[in-house]
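Trainee: First the structure, then my questions, so here it is.
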Amino acid sequence: MDVKKQYIEMIQSIKGKTVAIVYIFEGEDAPGFQHYHIWKSDVISLWMNAVQSLHCMPLILDVRTFVEKALNRTLPKIDYVINLNCGSCELSPMSLVPATCAFIGVPCIPCDAVTIVTGENKRLSNLIAKGIGLNVPQELPFSDKRGIYRPLNLGSSCGVMRGQTPDDAIDGLYQEFLPGYDITTPIVYNPLKEDFDIFPSIIYLPNSENLNWYFGAEEKSSGKGYCRGIISSLSAQLQESYFKLIRSMGIRTYCRIDARIKCENRSMAESLQYHPLSPDNVYFIEVNPMPTVKINNSFGFCYSAITQGDSFYPCVEMFQELIDDKAIHSFLLSCAMLALKPGTKEKRI
């Protein structure tokens, strides 16, 4: 069958579905439901627009209402759930929505409960990454001042700090700090390939020549002090290692992998933007199975950087011809729905 015709049939097959968007009600007072970050209307509305762009029906529910209705069997028929319960201080309640989805047999976007527990826990994800052969920074004793500390379960670079870790710090990883620069790579299911594919990667370059700079919470919040460059491709070896990692965690739709490129100088980092990135000097930091998706954050920026030479370009081009919405959320949602559609084969590790 003609590829374009086949893709049109794929998009037609997800039209008319009911997609529940499950968000965090800020007035929720359950004792185990504390959050350090909550996705608000700026994120929720983008996903609602995406559902409607695909000619599907959105159903908006807060977490408690969704769980109660699911257990009481009072939910209307739902085909998919978009889980917006992010930023939980503890991983167990962060898995509440996908665990409920599994209980009622509804696919959860972007991932299931097992993936949240393994992917969001940095110690587990680092052990898995090391086991499949990715470089991982060496762990250091807390008394060593040469390292960098990352809280075990927190995202958005919250609590990340250089140097000796305070005695009252929550559980986390304390690893060797590598001179160089941070990179992030979005990975998404490509329905044309029926397998994972990559968006262009971002390399974060500070305005100074400082190799000891890192992309921390303050930089993320302010958007100042750095610029973003594009690494257009990964080597086949690094790409396959990334795919093996996320398959081992049960990821099926999309995610983001953060890493550190070990560099001797700024020019070495800048030259990497023009060649496929090899695994030699790339060190795994974490995988984010529930990444924030906004117009101009890492996912949105990488999506807008896709060009004709990228493997994802044919899929993006056909999608934008069919759907009158250039925002990343519509495209990402279509990929996720097709990845989780009944009958879609899951690649083995």
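The values are calculated or read from the model by the stated rules, or taken from the named source; none is laboratory data. Remember, predicted model here, so these are calculated numbers, not experimental data. No Cβ is skipped: glycine too gets one built from the backbone with ideal geometry, and neighbour counts run over all protein chains shown.
Trainee: Only residues that are modelled with pLDDT under 90, of a type in the set (A, V, I, L, M) and crowded, with 19+ Cβ neighbours inside 10 Å: list them for the stretch 275-306, please.
Mentor: Of everything in the stretch 275-306, those that are modelled with pLDDT under 90, of a type in the set (A, V, I, L, M) and crowded, with 19+ Cβ neighbours inside 10 Å turn out to be L277, V293.
Trainee: Can you name the condition, by its number, that F103 falls short on among (1) at pLDDT 95 or above; (2) under 14 Å from the mean Cα position of the chain (by Cα); (3) over 25 Å from K40 (Cβ atoms)?
Mentor: Only one criterion is unmet by F103, namely (2).
Trainee: Return the residues of the stretch 196-239 that are under 19 Å from V293 (Cα atoms) and either outside the structural domain of K294 (by TED's automatic domain parsing) or in a loop (DSSP other than H, G, I, E, B) (or both); say none if nothing qualifies.
Mentor: Within the stretch 196-239, F199, P200, F215, G216, G223 qualify.
Trainee: Kindly list the number of the only condition in (1) closer than 16 Å to S201 by Cβ; (2) in the same structural domain as Q237 (by TED's automatic domain parsing) that fails for M290.
Mentor: Evaluating M290 over (1) closer than 16 Å to S201 by Cβ; (2) in the same structural domain as Q237 (by TED's automatic domain parsing) leaves (1) as the failure.
Trainee: Let me ask something else. State which residue is nearest to V282 (Cα to Cα) when the search covers only the stretch 209-228 and only residues that are touching a Leu at 6+ places or on another chain (Cβ under 8 Å) and surrounded by fewer than 17 Cβ atoms within 10 Å (Cβ to Cβ). Even if it seems obvious, please write down each step before you answer.
Mentor: The initial filter retains those residues of the stretch 209-228 that are touching a Leu at 6+ places or on another chain (Cβ under 8 Å), namely 226-228.
When the remaining residues are screened for being surrounded by fewer than 17 Cβ atoms within 10 Å (Cβ to Cβ), the result is 227-228.
On the way: C227: 20, R228: 18 Å.
Taking the candidates together, the pick is R228.
Trainee: Within the stretch 307-321, restricting attention to residues that are of a type in the set (A, V, I, L, M, F, W, C), part of a helix (DSSP H, G or I) and in contact (Cβ under 8 Å) with a residue 24 or more places away in the chain, which residue is surrounded by the most Cβ atoms within 10 Å (Cβ to Cβ)? Explain how you work it out, then say what you get.
Mentor: Going residue by residue through the stretch 307-321, those that are of a type in the set (A, V, I, L, M, F, W, C) are 312, 315-316, 318-319.
Among the residues that remain, those that are also part of a helix (DSSP H, G or I) are: 315-316, 318-319.
Right, trim to in contact (Cβ under 8 Å) with a residue 24 or more places away in the chain and you get 315, 318-319.
Values: C315: 22, M318: 19, F319: 20.
Once the filter is applied, the top-ranked residue is C315.
Trainee: Right, another one. Being of a type in the set (A, V, I, L, M, F, W, C), touching a helix residue (DSSP H, G or I) at 6+ places or on another chain (Cβ under 9 Å) and assigned to a loop (DSSP other than H, G, I, E, B) is the filter; apply it to the stretch 14-38 and report the residue that is surrounded by the fewest Cβ atoms within 10 Å (Cβ to Cβ). Spell out the reasoning first.
Mentor: Initial filter on the stretch 14-38 (of a type in the set (A, V, I, L, M, F, W, C)): 14, 19-22, 24-25, 30, 33, 38.
From what's left, touching a helix residue (DSSP H, G or I) at 6+ places or on another chain (Cβ under 9 Å): 14, 19-22, 24-25, 30, 33.
From the residues that got through so far, the ones that are assigned to a loop (DSSP other than H, G, I, E, B) too are 14, 24-25, 30, 33.
Values: I14: 19, I24: 22, F25: 13, A30: 10, F33: 18.
That would be A30.
Trainee: How many of the residues making up the stretch 76-101 are within 20 Å of L333 (Cβ to Cβ) and either of a type outside the set (V, I, T) or in the same structural domain as C158 (by TED's automatic domain parsing) (or both)?
Mentor: 10
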